[in-house]
Amino acid sequence: MMKFSRPLAAVGALAAAALIAGVVLLLSNRAAREHERACEVRAFEGSRFTVCAYDAQRDDFRLVSRGADGAYLRTFERMLQTLGRDARRVRFAMNAGMFNDRGAPIGLYVENGAEQHVLRLTNGPGNFHMKPNGVFWIDDDGALHLSRSEDYATLAPHPRFATQSGPMLVVAGSLHPAFAPDGPSRYIRNGVGLRDDRTAYFVISSGAVSFGRFARFFRDELHCRDALFLDGSVSSLYAPSMGRSDDNHDIGPIIVVLDRR
């Protein structure tokens with residue numbers, strides 16, 4: 001029987017260790033590449049949508065609206081300047097809801113526990129007042145919520161972050177009752193839907209879509225039981241992993257999702 005010398009056995013052990021290290025490195029690199037892909041493009045009913053996932057167990061979340069000078073940011077460029085060193089951690093950013101000519105929110109807006117605009121339950125024209133409208137909010141434990149505005153008023157919570165917009169796209173698995181299947185009002189639109197209380201999908205359409213198709217994308221493709229329209233025509237996305245930074249519109253408050261590291 002042939003016996004291996006100690007040096008040869010040592011070489012075998014080193015080779016095995018190198019192989020294991022290589023496999024670990026390969027898996028780590030694969031995980032890193034998956035982590036880098038904060039957003040992906042998906043097709044649905046002949047339209048394309050960019051979907052960016054927020055995982056409360058992995059990512060940090062912020063709402064931002066003003067710079068250090070108190071002026072409204074309005075652009076992703078100013079957002080990055082305001083974030084400073086944290087700008088390199090941004091996975092994606094998106095306009096967070098409806099705003100006035102100055103860039104100020106027109107509905108409930110809570111930034112890091114500070115309420116900057118009150119909840120609005122009034123009736124009026126435009127998408128914001130297409131009832132039910134709703135509130136996307138995050139509590140102090142990091143749990144995600146999407147509530148109809150009237151339900152939010154009844155709950156009277158004290159969120160860490162909140163933004164109000166409208167209309168609701170999906171409510172408890174049902175589409176907004178005012179939506180036609182594929183109506184004539186078509187714009188680039190963006191919104192947010194919840195998969196569960198730790199996972200949110202922020203979506204922007206690649207082209208003009210109806211409310212009906214946009215809502216069905218959240219319900220039927222992303223399996224969100226609740227979803228909220230954020231805005232249309234001015235909808236904008238910053239996604240460095242895609243090399244994308246929309247700058248064709250001045251926007252209002254901004255949702256920012258960052259790597260937690």
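The values are calculated or read from the model by the stated rules, or taken from the named source; none is laboratory data. None of the values given here were measured: they were computed from a predicted structure. Note that we place each Cβ from the backbone using ideal geometry, even for glycine, and neighbour counts take in every protein chain shown. Only protein heavy atoms, including side chains, enter the accessible area calculation; ligands, DNA and RNA are left aside. Shrake-Rupley method; radii C 1.70, N 1.55, O 1.52, S 1.80 Å.
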Inset, instruction - Can you tell me which residue within the range 199-253, out of those that are in contact (Cβ under 8 Å) with a residue 40 or more places away in the chain, in contact with a Pro (Cβ under 9 Å, 6 or more places away or on another chain) and assigned to a loop (DSSP other than H, G, I, E, B), is nearest to F92 (Cα to Cα)? - result: P253
Inset, instruction - Out of S149, S174, S236, S206, report the one residue that is in contact with a His (Cβ under 7 Å, 6 or more places away or on another chain) and small (G, A, S). - result: S236
Inset, instruction - Count, please, the residues in the range 116-136 that happen to be assigned to a strand (DSSP E or B) and either open to solvent by 20 Å² or more (accessible area, probe 1.4 Å) or at pLDDT below 95 (or both). - result: 2
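Take the conditions at pLDDT 65 or above, of a type in the set (A, V, I, L, M), part of a strand (DSSP E or B) and surrounded by fewer than 15 Cβ atoms within 10 Å (Cβ to Cβ) and apply them to V41. Does it pass?
It is true that V41 is at pLDDT 65 or above, of a type in the set (A, V, I, L, M), part of a strand (DSSP E or B) and surrounded by fewer than 15 Cβ atoms within 10 Å (Cβ to Cβ).
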Inset, instruction - Mind listing whichever residues of the range 56-91 are closer than 22 Å to V203 by Cα, in contact with a Ser or Thr (Cβ under 8 Å, 6 or more places away or on another chain) and outside any helix (DSSP H, G or I)? - result: A56, L63, V64, L73, R91
Inset, instruction - Of all residues in the range 137-152, count the ones that are in contact (Cβ under 8 Å) with a residue 24 or more places away in the chain and surrounded by 19 or more Cβ atoms within 10 Å (Cβ to Cβ). - result: 7
Inset, instruction - Kindly check whether there is at least one residue in the range 153-173 that is open to solvent by 30 Å² or more (accessible area, probe 1.4 Å), at pLDDT 95 or above, within 16 Å of the chain's Cα centre (by Cα) and among the hydroxyl-bearing types (S, T, Y). - result: no
